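Each remark here refers to the structure printed beneath this line.
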Amino acid sequence: MTPAKKWLVGVERPRHGGDVWGRGDIIDFSCSLNPLGPPSEIASFIMNNLDKVSRYPDDSCSLLKSELSTFIGVADDLITVGCGSTELIKAFADAFVEPGERVIVAHPTYSEYAFYCRLAGGVVEAVPLDEERGFALDVDGLFEHIDSDVKAVFLCNPNNPTSRLEPKKKVMEVVEECEARGTLVFVDEAFMDFLREGKRSSCVPEVENHRNLFVSRSLTKIFSMPGFRVGYGVGARELVGFIDKVRLSWGVGVLEQLVAAELLRKCGPYLEKTVSLVEQEKNYLYRRISETAGYMVFRPDANFLFISVRELGVDAATVRALLLGEGILVRECGSFGKEYSTFIRVGVKKRSLNEVLVEALKRISEKVQTSLAPAKPI
């Protein structure tokens, strides 16, 4: 007999990109981080503050909240901080989702929303995004699934893995309709800082006017420091208060808090350079990969591309394996759902590495087409 809770038997942890450990020298396109890498000056800052790890972290993250308040322009009592934005997804589910309550997610999207809502006992309903419409959010279709017994709706903007940015007006239409129906809305903006239109597309400024809105953001992606787990959320005081009750105590370490605060103070030029580079390179990858036989690339808004390999006649796992043979790791998207087993996701990097990816995809296209070609009669 298993000692675990009965419903936990058979549950699988979500799979993600960035699984480079033990793979040796590899180019990792499977995760979507800042192609500039971490700001160079941060190494000396870490060394100068190593002595502070002998202290417990500030559980309230007061210094970091103060810097975040300045950075995003909202009061610090509307902000909560977590061990990556994923901790805040769990905290949101723990705080608000009761066993048996319905939760709506778009599909495909980041798998942790459904995972943690199910762990909280929620019943998750996935509303498909239509491939023929470029995976755009169908607001009217979404509303057909929402009634008074839906506890929460999760939206990712720009969406992972589709790289699609929805207009703020459309997202706020969902927020306002859900508010009228007594439904919470969680908007994940983990990749918003990579977009030139990020500030005007963000729902962060709207949290004071909508009691049902909670917005999560990531610092580890934009600063290319996923080993330092720091995310933050913004919402009405009541929502933030409940999330703070259930989040992990001392979840954000001393160095993480200090480093994040330091980066926020000095990040202006770095972020501008990031936005320009990502804009240039995502367009380069979109154009070059689209020109290669066998790949259908959906126009990217974020710092990653969603690519169908269906026309190659093989699945994404095969393409991933072939790319691993070339020393390249990409995200195989079958874990988002079986219907996405012919999709890969690739992050944007600097031009020299992007060229390596493009040439590898070309070779794979030629190899696959040759192997699948019918034999000539003798």
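Points to keep in mind about this one:
- Of all DSSP-defined beta bridges confined to the chain, some 50% are antiparallel rather than parallel.
- Considering only I146, M296, C156, the residue lying farthest towards the positive end of the dipole of the chain is M296, judged by Cα position with unit charges set on Cβ.
- Here the spin labels are modelled as points 7 Å beyond Cα on the Cα-Cβ line, and at E179 and L255 they lie 4.2 nm apart.
- Net length available on complete extension from S335 to V356 is 5.0 nm, with 0.36 nm assigned per residue and the Cα-Cα distance removed.
- Residue among L129, T274, G182 farthest towards the positive dipole end of the chain, charges placed on Cβ: T274
- For segment 250-378, a simple Cβ point-charge model (Lys and Arg +1, Asp and Glu -1, everything else neutral) yields a dipole of about 180 debye relative to the Cα centre.
- Comparing V254, V103, V215 in a Gaussian network model of the chain (Cα springs below 10 Å), the most mobile by mean-square fluctuation is V254.
- Segment 51-266: relative contact order in percent, alpha carbon pairs under 8 Å with at least 6 residues between: 29 percent
- Ranked packing of 219-231, 353-365, 182-194, 45-57, most packed first, by mean Cβ within 10 Å: 182-194, 219-231, 353-365, 45-57
- Entries in K245/K273; K52/K266; K168/K362; K266/K349; K52/K273; K169/K338 that, when Cα-Cα distance is taken, lie over 28 Å: K245/K273; K168/K362; K52/K273; K169/K338
- Fluctuation leader among G84, G37, G134 - the chain, Gaussian network, Cα springs under 10 angstrom: G134
- Size of charge dipole - the chain - debye, nearest 20, with Cβ of Lys, Arg +1 and Asp, Glu -1, no other charges: 1040 debye
- Within the shell of other residues whose beta carbon sits under 15 angstrom from the beta carbon of E173, the net charge comes to -4, with Lys and Arg scored +1 and Asp and Glu -1.
- Projecting the Cα positions of Y113, I27, G235 onto the charge dipole of the chain (unit charges on Cβ atoms of Lys, Arg, Asp and Glu, taken about the Cα centre) puts I27 furthest along the positive direction.
- A Cβ-based charge dipole, computed about the Cα centre of segment 78-173 with Lys and Arg at +1 and Asp and Glu at -1, lands at about 360 debye.
Throughout, read-outs are computed from the coordinates displayed, never taken from laboratory work. Here the structure is a predicted model, which is why all the values come from computation and not from measurement. Because the Cβ atoms are built from the backbone with ideal geometry, glycine has one as well, and the counts that use them run over all protein chains shown.
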